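All of the numbers you see were taken from the coordinates with simple rules; none came from a lab. Computed from a predicted structure; not experimentally measured. Here the Cβ positions follow ideal geometry from the backbone for every residue, glycine too, while neighbour counts run over all protein chains shown.
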Amino acid sequence: MGSASRYVRTPVKHLQNAIDCDIHPAVPSIGSLLPYLTDHWREMVTQTGLPDLETVNYPPGSPLTARPDWRQAAAKPASRLEDLQRDILDRWGIRAAICNCLYGVQGLHNEDLAAAMCRAVNAWLAAEWLDREPRLRGSILLPVQNVEKAVDEIEHWAGDKRFVQVLLLASGDSLLGKRHFWPIYAAAARHGLTIGIHAGSSFRHPTTTVGWTSYYTEDYVNQAQAMQTTLTSLICEGVFSRFPELKVVLLESGFTWLPAHMWHLGKFWKGLRMEVPWVDRTPFEIVRDHVRLTLQPTDAPVERQQFERFLDHMNSDRLLVFSSDYPHWQFQDDNATPEGLSEEYLRKILFDNPLETYPRLAESLQ
């Protein structure tokens, strides 16, 4: 990952009017959110000296956190709109980009504070990014510590059509398919919002099933396992049976794990489906109708022929949606799409699949 020689450069013209489904505006500091807090919470944050809620999923010093040419000496990567405009929006001619702000509210134990900080982050995103750049769309950050407050946050922003998605992390306090999360999915479905599940954790539980890891490399690799577990939970708990119109995007999860995992899950579903009668078709059929995965990080084989074989294993050209993962370091220069994609497949990833996945985005771009 990150090797300039791994993929042949895709001419920037191929990205003209592309829809980028995963970029990461960064809150410059907790002080940036003070204008968007109520008087009570502004005083609480100031008096208690609440630190910046930096997510440790992307440590500031890690090379993966930002490409060298996307780092700025005077500011946190992706914390200034003008940098985003210069680096990808204008450079590639992006038609629309979906902002997924990874601010560490999921790690808070105080439910009221988490709700207040989510409201502030979403208001900051609307005012400082969406208001200033018409090509941007937003994801609603949710205080998942309290499902009732999470639904309130959806209802508060649902009228703003620039918000096209609600944002969750793959690894929290419980599996996302569990029934107590269903009011979130009901609210999202009611308002035509897509569910975005991003790689990341509240870090109250290990990122593996057998304990804590020692190194960031291990944690990063295990995010794919977390996505597999989350997807299995959504399918087996019956989320897609209960909400047949719902779309879920697995953000920054990689995607090469999907065919083997679906084969494995489907094999055991055939023998044990009496315990999950609401799963009335194969898991892969459910995924094809309801689940999409972002292109970056591209964890595909190096050789073009192997990659083409892998695409055959995906058994669908509707599953991948384009993402740059800005400012994270997933590729070099303008190599945002891997070698081995036909023009038709590339068009689906860049345009058709995102528009089909995000109905509120498609409506606003008509």
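The table for this structure:
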quantity	calculated
Highest-MSF residue in the chain out of ALA187, ALA123, ALA74 [GNM, Cα springs under 10 Å]	ALA74
Farthest toward positive dipole pole in segment 13-364 [+1 Lys/Arg, -1 Asp/Glu at C-beta], among ALA120, ALA158, GLN47	ALA158
Total charge dipole magnitude, the chain, about the Cα centre, Cβ charges on Lys, Arg, Asp, Glu only, Debye to nearest 20	500 debye
P(r), alpha carbons of segment 168-311 - 10 Å bins starting at zero, rounded %	11, 39, 36, 13, 1
Neighbour-count order for VAL249, VAL221, fewest beta carbons within 10 angstrom listed first	VAL221, VAL249
Estimated distance in nm for a label pair at HIS109 and SER62, the labels positioned 7 Å out from Cα along Cα-to-Cβ	2.5 nm
Computed log₁₀ I(q)/I(0) - Debye formula, equal Cα scatterers, no solvent, segment 13-364, q 0.10 Å⁻¹	-0.58
Potential extension, TRP182-GLU155 segment - 0.36 nm per residue separation minus Cα distance	8.2 nm
FRET E, pair THR208, GLN306, Förster distance 22 Å, beta-carbon r, rounded to 0.05	0.20
Pairs of Lys in segment 13-364 closer than 26 Å at Cα, counting only those 8 or more apart or on different chains	12
Beta bridges by DSSP in the chain, antiparallel share as percent, to the nearest 5	5 percent
In range of the label at ASP69: residues from segment 331-345 whose backbone nitrogen is under 20 Å from the point 7 Å along Cα→Cβ	331-339
Computed over segment 13-364: relative contact order in percent, which uses C-alpha pairs under 8 Å that are six or more apart	20 percent
The chain - mean residue ellipticity at 222 nm from DSSP helices (-39,500 (n - 2.57) per run, n ≥ 4, rounded to 500)	-10000 deg cm²/dmol
